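S.K.: There's a structure below that I have some questions on.
The values are calculated or read from the model by the stated rules, or taken from the named source; none is laboratory data. Predicted model only: the values in this text are computed from it and were never measured. Every residue, glycine among them, receives a Cβ derived from its backbone with ideal geometry; neighbour counts consider all protein chains shown. Heavy atoms of the whole protein, side chains included, go into the accessibility calculation; ligands, DNA and RNA do not. Shrake-Rupley method; radii C 1.70, N 1.55, O 1.52, S 1.80 Å.
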Amino acid sequence: MTSRNSIVNFGPGPAKMPIEVLERAQKSLINFENTGIGILELSHRSTEFARILRSAETTLREILSIPNTYRVLFLHGGGCGQFAAIPLNLMGLKVDRVADYLVTGYWSAAAAKEATKYGRVNAVLPKAKRYTTIPTKDTWTLSSEASYAYYCANETIDGVEFPFVPETNGTPIVCDMSSNFLSKHFDISKFGVVFAGAQKNVGCAGVAVVIAREDLIGQGTSKIPCIWDYQKQTTMESCVNTPPTFRSGN
């Protein structure tokens with residue numbers, strides 16, 4: 001095993017990865033599974049890469065007990081790309097094009113701001129000067145016309161983490177789990193969509209994992225860019241264009 005200084009990064013960005021994972025990635029750069037070609041050069045249309053994606057999806061389904069009524073996607077753009085993809089795909093679920101946003105820190109505030117480009121954002125929680133806690137439920141203002149309700153499970157900048165899944169009176173829940181994805185088990189059936197940038201817990205930067213309930217897929221605007229279209233990405237198995245091949249495979 002390769003040795004290196006044991007430095008811990010408490011402020012990622014990209015989080016530290018096990019040395020065993022880095023060594024396997026290093027080897028795959030030169031010759032991926034004895035194919036004679038490096039993973040950076042591997043065609044995204046090849047049987048080898050298709051096997052990589054299937055393996056990643058199968059592993060996730062096993063770990064999280066994801067039922068067949070959900071689709072698993074590996075997409076460009078990290079978590080921030082999903083700030084636009086979510087409203088583009090889901091804002092039109094109801095005619096009023098409204099979405100509930102539970103803003104508890106920097107990242108949910110950024111997501112809410114992005115969503116205003118595609119519909120009306122209803123601020124569920126009272127506006128705060130500083131984000132230090134989750135307001136009590138008696139202060140929440142949920143919209144009965146909301147297409148979805150959005151929250152960030154753990155705000156890394158402000159330090160506010162939800163210890164529970166919000167009750168939304170049946171409105172599909174969308175959750176940004178970028179900073180605590182796979183750090184603990186959760187019941188995917190409580191959510192409409194869960195997404196996470198891989199770099200915190202499950203891989204390197206550059207790919208977002210999206211787990212979407214199939215009845216919510218295919219409801220996007222006709223003007224949605226193809227790389228953010230959950231329906232097209234589902235049909236093309238996350239390969240509408242060349243996906244982040246190395247990041248999906250390591």
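S.K.: Consider only pairs whose beta carbons are under 6 Å apart and that are at least six residues apart or on different chains; among these, list those whose first residue lies in region 102-113 and is without any contact (Cβ under 8 Å) to a residue 40 or more places away in the chain and on the phi > 0 side of the Ramachandran plot and whose second residue is open to solvent by less than 30 Å² (accessible area, probe 1.4 Å) and of a type in the set (Phe, Trp, Tyr).
M.R.: Final answer for the pair search is none.
S.K.: Quickly run through region 182-216 and pick out the residues that are assigned to a loop (DSSP other than H, G, I, E, B), farther than 21 Å from ASN169 by Cα and either among the charged types (D, E, K, R) or touching a residue at least 24 places away in the same chain (Cβ under 8 Å) (or both).
M.R.: Scanning region 182-216 gives LEU182, LYS184, HIS185, ASN201, GLY203, CYS204, ALA205, GLY206, VAL207.
S.K.: Restricting the search to region 195-222, which residues are at pLDDT below 85 and over 14 Å from GLY81 (Cβ atoms)?
M.R.: LYS200, ASN201, VAL202, GLY203, CYS204, THR221, SER222
S.K.: Can you confirm whether region 151-167 contains a residue that is surrounded by fewer than 19 Cβ atoms within 10 Å (Cβ to Cβ) and farther than 23 Å from GLY79 by Cβ?
M.R.: Yes, because at least one residue in region 151-167 is surrounded by fewer than 19 Cβ atoms within 10 Å (Cβ to Cβ) and farther than 23 Å from GLY79 by Cβ.
S.K.: Same structure, new question: When region 143-194 is examined, which residues are found to be over 21 Å from LEU93 (Cβ atoms), in contact with a helix residue (DSSP H, G or I) (Cβ under 6 Å, 6 or more places away or on another chain) and among the polar types (S, T, N, Q)?
M.R.: Within region 143-194, SER178, SER179 meet the criteria.
S.K.: Being out of contact with any strand residue (DSSP E or B) (no Cβ under 7 Å at 6 or more places or on another chain) and either of a type in the set (S, T, N, Q) or at positive phi (or both) is the filter here, so list the residues in region 143-199 that pass it.
M.R.: Result: SER144, THR156, GLY159, ASN169, GLY170, LEU182, SER183, SER189, GLN199.
S.K.: Another question about this same structure. Collect the residues in region 99-118 that are touching a strand residue (DSSP E or B) at 6+ places or on another chain (Cβ under 8 Å) and buried (at least 20 other Cβ atoms within 10 Å of the Cβ), keeping them in residue-number order.
M.R.: Of everything in region 99-118, those that are touching a strand residue (DSSP E or B) at 6+ places or on another chain (Cβ under 8 Å) and buried (at least 20 other Cβ atoms within 10 Å of the Cβ) turn out to be ALA99, ASP100, TYR101, LEU102, VAL103, THR104, GLY105, TRP107, SER108, ALA111, ALA112, ALA115.
S.K.: Return the only residue of LYS223, LYS200 being basic (Lys, Arg) and within 12 Å of the chain's Cα centre (by Cα).
M.R.: It is LYS200.
S.K.: If you don't mind, another one. Just to be sure before I move on: is THR234 in contact with a strand residue (DSSP E or B) (Cβ under 7 Å, 6 or more places away or on another chain), more than 19 Å from ALA56 (Cα to Cα) and either among the β-branched types (Val, Ile, Thr) or assigned to a loop (DSSP other than H, G, I, E, B) (or both) in the structure I sent?
M.R.: Judged against the criteria, THR234 is not a match.
S.K.: Out of everything in region 18-37 that is surrounded by fewer than 15 Cβ atoms within 10 Å (Cβ to Cβ) and within 27 Å of the chain's Cα centre (by Cα), what residue ends up being farthest from ASN180 (Cα to Cα)?
M.R.: LEU29
S.K.: Being of a type in the set (Gly, Ala, Ser), modelled with pLDDT of 95 or more and more than 17 Å from ALA149 (Cβ to Cβ), is that true of even one residue in region 80-90? Before you say what the answer is, go through the steps one by one.
M.R.: In the first step, residues of region 80-90 are kept if they are of a type in the set (Gly, Ala, Ser); the result is 81, 84-85.
Cutting the leftovers down to modelled with pLDDT of 95 or more gives us 84-85.
From what is left, the residues that are more than 17 Å from ALA149 (Cβ to Cβ) are 84.
Scanning region 80-90 turns up at least one residue that is of a type in the set (Gly, Ala, Ser), modelled with pLDDT of 95 or more and more than 17 Å from ALA149 (Cβ to Cβ).
S.K.: Within region 145-162, track down each residue that is modelled with pLDDT of 95 or more and part of a loop (DSSP other than H, G, I, E, B).
M.R.: Passing the criteria: GLU145, ALA153, PHE162.
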